[in-house]
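The values are calculated or read from the model by the stated rules, or taken from the named source; none is laboratory data. In this text, all values refer to a predicted model and were calculated from it rather than measured experimentally. Using ideal geometry, Cβ is built from the backbone for each residue, glycine included, and neighbour counts are taken over all protein chains shown.
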Amino acid sequence: MLLAGVDEVMDTSLFRSEDFDLAFNLIGYPLHENYPYIPMKRHLLEYFSDEVGVDPKVYSLGLSLDSVGILVPYATIHTKAGWSHYKDWSQDRWAEAVAACPEITFIQIGSAEDPKVPGAIHDYMGCPLMDSIRLIGNATIHCGIDSFSNHVTNITRTPAVILWGSTQSSAAGYEQNVNISMGLPCQPCFKEDPTMTRHPLGPCDNPPGQTYDTPKHSCMSNIATSVVIDSIKNLWNGVLGRE
């Protein structure tokens, strides 16, 4: 919100729209269309745009991205969502993907407590948000899941490989990215961590018998490592103009 120009944060109980010349009640997600029980009909940014009265096709912000002091081409990687395990892919498979791409320098971003992917550089985990944005913005490509970093790629126009599980690529993904999804009939389910949301909708029942703490959700576990590796290599080589 600070990056978007918000200069004051207050308790919603103290907010009075009559105190301002212009006020918006930002909801974004189409609750009136019975979200999260059905997929979104339009892109998430279109719902937000309607609420504030702006052109829904203006999807990016003009950010000044300072140099991050890394001279070699590199890829950022973000593997752990804070909102739902059902967005996550196996950490072991991320490790396989990194190992299969020795020509790429991977810089991992995210929380300092996130599992570290072997072979990646971990020096920037836990860094401030703006530093993560600069890292993504100066990267050759980004690799990850549907989390904050997915949306940053749209702001910075950084090509990315994004894996999709419980959420909806057609409503929260971006055209310049390689969006990988199994396209199962149960996708999107929008199931989330019951400790962090009012609408957990879980646990996942594909396959049945899961608990939230030990998910085996088919939407992500069925994404082949080879598909992800090929997508990363092809995007990396394409951006750098290599055959």
Here the residues within the stretch 160-174 that are outside any loop (DSSP other than H, G, I, E, B) and touching a helix residue (DSSP H, G or I) at 6+ places or on another chain (Cβ under 7 Å) are Ala160, Val161, Ile162, Leu163, Ala171, Ala172
- Query: Looking at this structure, is Tyr212 closer than 25 Å to Met40 by Cα, surrounded by fewer than 19 Cβ atoms within 10 Å (Cβ to Cβ) and either aliphatic (A, V, I, L, M) or touching a residue at least 40 places away in the same chain (Cβ under 8 Å) (or both)?
  - Reply: yes
So, first residue free of Cβ contacts under 8 Å to residues at least 40 places away in the same chain in the stretch 27-43, second residue part of a loop (DSSP other than H, G, I, E, B), Cβ within less than 7 Å, six or more apart or across chains; the pairs are Tyr29/Tyr35; Pro30/Met40; Glu33/Lys41
Going through (1) surrounded by fewer than 19 Cβ atoms within 10 Å (Cβ to Cβ); (2) not in a loop (DSSP other than H, G, I, E, B) one by one, Gly183 fails only at (2)
(1) part of a loop (DSSP other than H, G, I, E, B); (2) assigned by TED's automatic domain parsing to the domain that holds Met196; (3) surrounded by fewer than 15 Cβ atoms within 10 Å (Cβ to Cβ) all hold for Val117 apart from (3)
When (1) in the same structural domain as Glu192 (by TED's automatic domain parsing); (2) in contact (Cβ under 8 Å) with a residue 60 or more places away in the chain; (3) not basic (Lys, Arg) are applied to Ile70, the one that fails is (1)
Kindly establish whether Ile145 is β-branched (Val, Ile, Thr), crowded, with 20+ Cβ neighbours inside 10 Å and touching a helix residue (DSSP H, G or I) at 6+ places or on another chain (Cβ under 9 Å).
yes
